[in-house]
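Structure first, commentary second.
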Ligand SMILES: NC(=O)c1ccc[n+]([C@@H]2O[C@H](COP(=O)([O-])OP(=O)(O)OC[C@H]3O[C@@H](n4cnc5c(N)ncnc54)[C@H](OP(=O)(O)O)[C@@H]3O)[C@@H](O)[C@H]2O)c1
């Protein structure tokens with residue numbers, strides 16, 4: 001069974017697995033707890049040492065942290081020091097004026113709540129989950145600095161910040177004596193936003209690590225949507241973040257990418273994951289998995305043949321690097 005490889009996160013002391021596991025979906029109280037446990041155990045057995053969470057993952061919000069906290073306590077107690085556990089604050093989490101965005105009040109209260117749900121004294125990385133258009137960056141960054149200085153987080157990260165704000169936030173953190181360890185953007189063949197905005201180049205220049213999320217474009221870059229929308233898929237379930245309209249809008253590209261991969265004897269999902277990892281700025285790709293079989297399939301991408309220059313050019317032809325909009329831009 002193949003194992004992941006590890007790559008240095010920028011110029012920090014931290015190595016991250018080439019593929020990380022995220023808990024946005026499939027780990028809430030609405031999901032199958034025993035399958036979630038099997039996925040987490042299997043991921044660790046195959047070398048995934050980086051688990052990505054946020055305060056609001058579920059549903060209901062917070063329940064992914066509760067489930068992961070239980071699994072950590074029951075199955076991983078003696079492995080804590082082998083794991084990088086992250087959480088984030090900034091998206092809508094609780095009622096009233098302090099339940100979201102980038103105030104010190106929200107970030108630090110949310111971190112305390114996350115630690116209680118996760119049953120941990122500290123997380124490895126605490127993120128500002130999204131930029132706040134109304135709060136001074138100094139305030140949000142000071143909350144991240146406090147998280148580190150209080151010992152509740154070892155490192156800090158930023159997610160979805162557009163380039164200008166990212167540069168300013170990194171500078172402010174530096175002035176506070178804190179290094180931004182990592183940046184987390186969406187990135188896939190169908191969403192090249194961080195590449196086209198110059199963010200990936202900036203991260204390379206600054207030696208900041210980069211973990212990209214949704215490398216499978218939430219499952220669109222798997223064979224499942226080529227002909228229809230299966231009822232048990234993310235797009236097939238009601239109320240999700242991926243809709244039938246998204247599938248229809250992308251289906252032509254998905255089919256062409258599927259044909260391209262098949263012509264090389266590769267699956268579209270393996271091609272998609274390895275495409276994100278080809279970029280030198282990318283430390284790790286955070287995948288999601290609803291079943292152990294999906295997890296295994298994604299990890300098997302690491303055994304797939306390397307993408308040739310001809311394939312990369314063909315991918316550019318099918319899905320040109322247009323400036324896909326960052327949801328928080
Ligand atoms: N910072 C942020 O704002 C942010 C935002 C989004 C995500 N994230 C992080 O990134 C993580 C990954 O996001 P994601 O779940 O969208 O990643 P993804 O890997 O692009 O999509 C995962 C989904 O694709 C489907 N899938 C995976 N493997 C498959 C296979 N072999 N065959 C068929 N379908 C397959 C599954 O959905 P179904 O089977 O249910 O269709 C699975 O849940 C999240 O958990 C979170 O940690 C961060």
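What would the Debye equation give as log₁₀ I(q)/I(0) for the stretch 173-329 at q = 0.13, 0.19 Å⁻¹, counting only Cα atoms as equal point scatterers?
Log10 of I(q)/I(0), two decimals: -0.62, -1.27.
Counting other C-beta atoms within 10 Å, which of 270, 279 has the fewest, and how do the rest follow?
Values: 270 22, 279 17.
By the 10 Å Cβ count, ascending: 279, 270.
Helix 63-75 against the longest principal axis of the chain: what's the angle in degrees, Cα atoms only, rounded to the nearest 10?
Once rounded, the angle reads 90 degrees.
Dividing the convex hull volume of the alpha carbon atoms of the stretch 1-159 by its residue count, what do you get in Å³ per residue? Kindly include the intermediate steps, with their values, before the conclusion.
Numbers: hull volume 17.5 nm³, N = 159.
Output value, Cα hull per residue: 110 Å³.
Expressed as an acute angle from 0 to 90° and rounded to the nearest 10, what is the orientation of the C-alpha long axis of helix 163-175 relative to the principal long axis of the chain?
Taking Cα atoms only, the helix is inclined about 40 degrees.
Take the Cα atoms of the chain, find their three principal axes, and give me the spread along each one in whole Å, biggest first.
54, 42, 37
Kindly put 234, 255, 179 in sequence by how many other C-beta atoms sit within 10 Å of each C-beta, fewest to most.
Details: 234 22, 255 15, 179 18.
Listed from fewest to most nearby Cβ atoms, that is 255, 179, 234.
Can you give the helix-only mean residue ellipticity at 222 nm for the chain, where every DSSP H stretch with n ≥ 4 adds -39500 (n - 2.57) and the sum goes over all residues, rounded to the nearest 500 deg cm²/dmol? Before the final figure, lay out each step's value.
Working: 11 runs with 127 residues, N = 329.
Calculated from helices alone, the mean residue ellipticity at 222 nm is -12000 deg cm²/dmol.
Please arrange 220, 176 by counting, for each residue, the other beta carbons lying within 10 Å of its beta carbon, fewest first. Could the numbers behind the result be given before it?
Numbers: 220 28, 176 16.
Result, fewest neighbours first: 176, 220.
Per 5 Å bin, what is the whole-percent P(r) computed from every C-alpha pair distance within the stretch 116-205?
Here the calculated profile for the stretch 116-205 is 3, 14, 24, 22, 18, 11, 6, 2.
How tilted is helix 244-263 with respect to the longest principal axis of the chain? Cα atoms for both, answer in degrees (0 to 90, nearest 10).
It is inclined by approximately 60 degrees.
Per-residue counts of other Cβ atoms within 10 Å, averaged by peptide: what ranking do you get for 282-295, 155-168, 88-101, highest first?
On the way: 282-295: 21.7, 155-168: 19.9, 88-101: 17.6.
Ranked from most to least packed, the peptides come out as 282-295, 155-168, 88-101.
From the Cα trace of the stretch 13-79, what convex hull volume per residue do you get, rounded to a whole Å³?
Output value, Cα hull per residue: 87 Å³.
Where a number appears in this text, it was derived from the coordinates with a stated rule and is not lab data. Note that the coordinates shown come from a computational prediction; the quantities given were computed from them, not determined experimentally. Please note: Cβ atoms are built from the backbone with ideal geometry, for glycine as well, and neighbour counts cover all protein chains shown.
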